[in-house]
Amino acid sequence: MTHVSRSSLIAWSALCVRLAVAVLYSTSAAGAPVAKRETRAVEPTHVLAAWLACTNCDRGELKAVTRLGSSAVRPLVATLEDGLSDATSELLRRSLNELYDELLEQARERPQMKPASTREQFIARYLVEVDINHRTRAAQALGAIGNADARAALKEGLARAHHPRVRKAITDALQYNR
Amino acid sequence: MLRHILLGALIAWPSVALALGARVVERMCIPASGMPLVGKPAPMPIGCRLRGCLESGAFDWRISIDAKILDGVELRFDQFGAADLKQLQISGHARIDGDRIVLNSGDSRIDRIPDKVRGTVNFVSLSPIFRKDVPVVLKSALSSSGVTPGKGIVDQITIVQHDGLEPVNRFEWNYVFQPCADSPPASGAAYDTLRIEGAALGEKLDVVVMIDARRRTPSGAKECQQGGSVRQDDWVQRFTGVSPLVIPINNLLTSGRCNSEIAVFSGNHRMYLGRAAWTDQPGDVHTIKLQPRIVVPINIWYFKDEDKSRANDEVLVATRLFIGNRVGIELEPKFHRLSEKETEVIKQQKCKAAVAMKKMGRYIVNALNVYYVAEGTDRNCAIVETPGKCETSDKHPRGDGNFTYLGTISAPFTLAHELGHAFGLRPSTCWGHVNNLVDAFGLENVMYADTFEAMLRKRFTLGQVFRMNTQQDKWGGTMLIANGLRSESDQRACRPNSFSKHCPLLNTDLR
């Protein structure tokens, strides 16, 4: 089990303090989307998830995670070790399964449009990728936080990680805060 | 006898709730009489969004429903019968009703929901419940809210899963309700006729019709119904039946200063766009002959066989999305193998690699070219550099809309998303991406960007589909026109964040 300090556990549990956010957009009463300022509460889970799932990541997602500080270490370590949560993984699996069914239905109408992958390959392709992305992002965030807990977790993670991209992310993260 | 069926309701797309903490928007129109048709229920897993929450094994749900139109929502558990439901602690505006939980407007709690049953993740499905007098309720809500008729009223449902005090997962739905377009004229009333023909007599048709025209209001005044102002939306309605569809519509008038056009959207036919000349007298008949879907050649360039396999599947997903959302096109892929060196050129030079690819003969002119390079991000290169702000986007030079590269595997709809840009949904900062357009778009939309978790984005709105078929901009417009697959006469300068009498709102939609 990766070492995580008591203080970070407490800090994470105490993170019901919501973060002020955001300039969002809204629709006008007329239905036309127009710019509108709105203040909305965002939980730490949101902040972490935004970083773990972003693709372009150009909206300050990593910076927001580092602001969470040591309280973010515990869920990041858990993500580095175990990837997606069971609930998220099952939701994605279910969704991909449904999409594959739709492709088969399409192929029944148009035989030339047959999936190149089996159902298992199709689901694994995307699900594994999301899982790896979560782990590499967790490593990057731990590197950016850079405290003792985070470094210890990265070192332990390096010993356990199998996928080359995850290993590289951990190595880079350890370099980052050397 | 009428040979068509008027579907006086917007059918919600099967609403798989892939929100994972974000908002899903469902638009529905309410017919003047009868109930709206609702899609499949939205499933939600019970449990933490991320690893590392306490995972005590039982979660407390705090549910907030702000319902102006709905009577409430119902929750059904995949693996819970009526007896299991009695084990839950329920309070607020929630009650058990047989094998379901019914939630009415207000705040409610359901405590101690186990995340797993016999080792399997427990899922709950959410469906809206409508009042019997929903058309009256909607009319009343529209008049009391001050919202212009034809626009939407939003009901919001938020479910936050807690582990103790900690919020660990969140799902949000915005149901946007609006009245359906007017019903067929009553027997004996004065009307005009729209006749829509498919390729063959008796062919099954399922079309959405958008009409801009001058009409008489119930008070007798004449006005333009054409979108482009806060007073009016485009008139949009769905019809199904066999060819020819003969559709009576309330008497339309000579156009005057109004726009007088018809667009027809169909999964199996290319989008029709044409002018219509109505007279002030009833009895006009306007005939439209739909043409087959546009077959869009797409050249897929790949290095590894696994990328070819991925590309094949993503072309199928994109085609499904284009047909399902009535874009009126299907993709016809041709696969070409790249060398490792050529792949490296694209990885290094990104959009600027278009020049090198052309020189090397690794590019087919006047056609879509998509390069699966298996590393980095994804881009359509219509604009060389992504503008940081919409206001300054005009300063950004044109690239090549036919050049797209896809990097690391992300989600199955990624190709469809990038082709949305190729077909003119750009710049991303001018609502080419629909992130943060609250109440108008959620994670269900294909052009929502920057998260790879939402695996089943399914929607292009009609406002997006219209632009994909007609866009004219300084970056080459839609590649459908640039590549000679649609007529230049269809061109419209309709940036995603603009609307006018020639450009429907981006979120105009009807299922």
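The values are calculated or read from the model by the stated rules, or taken from the named source; none is laboratory data. If you're wondering where the values come from, they're calculated on a predicted model, not measured in any experiment. Counting neighbours? That spans all protein chains shown, and the Cβs are built from the backbone with ideal geometry, glycine included.
Right, B:V327: at pLDDT 95 or above, part of a loop (DSSP other than H, G, I, E, B) and either closer than 30 Å to B:Q291 by Cβ or in contact with a strand residue (DSSP E or B) (Cβ under 6 Å, 6 or more places away or on another chain) (or both) or not? In short, yes. Candidates in the stretch B:492-511 are the residues that are touching a strand residue (DSSP E or B) at 6+ places or on another chain (Cβ under 7 Å) and among the polar types (S, T, N, Q); of these, the one that is farthest from the other protein chains (Cβ to nearest Cβ) is B:T508. All conditions in (1) assigned to a loop (DSSP other than H, G, I, E, B); (2) away from chain A (no Cβ under 13 Å); (3) under 23 Å from B:N445 (Cα atoms); (4) of a type in the set (A, V, I, L, M, F, W, C) hold for B:C390, with the sole exception of (2).
Taking the stretch B:153-223 as the region of interest, the strands (runs of 3 or more DSSP E) fully inside it that hold 1 or more residues being closer than 30 Å to B:V102 by Cβ are B:153-163, B:166-179.
Confirm whether B:I298 is among the β-branched types (V, I, T), within 24 Å of B:N366 (Cα to Cα) and within 14 Å of another protein chain (Cβ to nearest Cβ). So B:I298 fits the description; yes.
In the stretch A:39-101, counting only helices (runs of 4 or more DSSP H) that sit wholly within it, none holds 3 or more residues that are within 9 Å of chain B (Cβ to nearest Cβ), of a type in the set (S, T, N, Q) and surrounded by fewer than 22 Cβ atoms within 10 Å (Cβ to Cβ).
Where residues in the stretch B:357-376 are in a helix (DSSP H, G or I) and either without any contact (Cβ under 8 Å) to a residue 24 or more places away in the chain or in contact with a Ser or Thr (Cβ under 9 Å, 6 or more places away or on another chain) (or both), which of them is farthest from B:H417 (Cα to Cα)? Only one residue fits best here, namely B:K359. Scanning the stretch B:116-147 for residues that are in a helix (DSSP H, G or I) and not hydroxyl-bearing (S, T, Y) gives B:V134, B:P135, B:V136, B:V137, B:L138, B:K139, B:A141, B:L142.
Residue-wise test of (1) more than 21 Å from B:S428 (Cα to Cα); (2) in a helix (DSSP H, G or I).
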{"position": "B:D313", "(1), (2)": "yes, yes"}
{"position": "B:R320", "(1), (2)": "yes, yes"}
{"position": "B:E332", "(1), (2)": "yes, no"}
{"position": "B:K341", "(1), (2)": "yes, yes"}
{"position": "B:V345", "(1), (2)": "yes, yes"}
{"position": "B:C351", "(1), (2)": "no, yes"}
{"position": "B:V355", "(1), (2)": "yes, yes"}
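Quick check on the stretch B:60-101: of everything there that is closer than 14 Å to B:S125 by Cβ and of a type in the set (V, I, T), which residue is surrounded by the most Cβ atoms within 10 Å (Cβ to Cβ)? Filtering first and then ranking leaves B:V73. Of B:N436, B:N469, B:N507, which residue is in contact with a Leu (Cβ under 9 Å, 6 or more places away or on another chain) and surrounded by fewer than 22 Cβ atoms within 10 Å (Cβ to Cβ)? Of B:N436, B:N469, B:N507, the one residue that is in contact with a Leu (Cβ under 9 Å, 6 or more places away or on another chain) and surrounded by fewer than 22 Cβ atoms within 10 Å (Cβ to Cβ) is B:N436. How many of the residues in the stretch B:85-115 are without any contact (Cβ under 8 Å) to a residue 24 or more places away in the chain and not in a strand (DSSP E or B)? Number satisfying all stated conditions: 4. Only one of the numbered conditions (1) closer than 21 Å to A:K114 by Cβ; (2) modelled with pLDDT of 95 or more; (3) surrounded by fewer than 23 Cβ atoms within 10 Å (Cβ to Cβ) is violated by B:V315, and that is (3). No other residue among B:C29, B:C48 is within 20 Å of the chain's Cα centre (by Cα), farther than 20 Å from B:E74 by Cβ, at pLDDT 75 or above and not polar (S, T, N, Q) apart from B:C29. Evaluate the following for B:L443: is it aliphatic (A, V, I, L, M), in contact with an Asp or Glu (Cβ under 9 Å, 6 or more places away or on another chain) and under 25 Å from A:D58 (Cβ atoms)? Yes: the conditions hold for B:L443. Look at B:K474 and say whether it is within 11 Å of chain A (Cβ to nearest Cβ), touching a residue at least 12 places away in the same chain (Cβ under 8 Å) and surrounded by fewer than 24 Cβ atoms within 10 Å (Cβ to Cβ). Against the criterion (within 11 Å of chain A (Cβ to nearest Cβ), touching a residue at least 12 places away in the same chain (Cβ under 8 Å) and surrounded by fewer than 24 Cβ atoms within 10 Å (Cβ to Cβ)), B:K474 does not qualify. Among the candidates B:Q237, B:Q232, single out the residue that is part of a loop (DSSP other than H, G, I, E, B), buried (at least 18 other Cβ atoms within 10 Å of the Cβ), modelled with pLDDT under 95 and not acidic (D, E). One residue alone meets the criteria, B:Q232. For A:M113, the criteria (1) in a helix (DSSP H, G or I); (2) within 11 Å of another protein chain (Cβ to nearest Cβ); (3) closer than 22 Å to B:K308 by Cα hold in every case but one, which is (1). No other residue among B:A94, B:A42 is within 12 Å of chain A (Cβ to nearest Cβ) and either farther than 20 Å from B:V168 by Cβ or of a type outside the set (S, T, Y) (or both) apart from B:A42.
A count restricted to the stretch A:122-150 and to residues that are over 30 Å from A:T66 (Cα atoms) and either more than 8 Å from chain B (Cβ to nearest Cβ) or of a type in the set (A, V, I, L, M) (or both) stands at 2. Does the stretch B:320-331 include one or more residues that are under 20 Å from B:M479 (Cβ atoms), buried (at least 20 other Cβ atoms within 10 Å of the Cβ) and among the aromatic types (F, W, Y)? For the stretch B:320-331, residues under 20 Å from B:M479 (Cβ atoms), buried (at least 20 other Cβ atoms within 10 Å of the Cβ) and among the aromatic types (F, W, Y): present. Checking each residue of the stretch B:353-373 against the condition of being within 12 Å of another protein chain (Cβ to nearest Cβ) and surrounded by fewer than 24 Cβ atoms within 10 Å (Cβ to Cβ) gives no match.
Among the residues of the stretch B:396-447, not one is modelled with pLDDT under 95, part of a helix (DSSP H, G or I) and of a type in the set (D, E, K, R).
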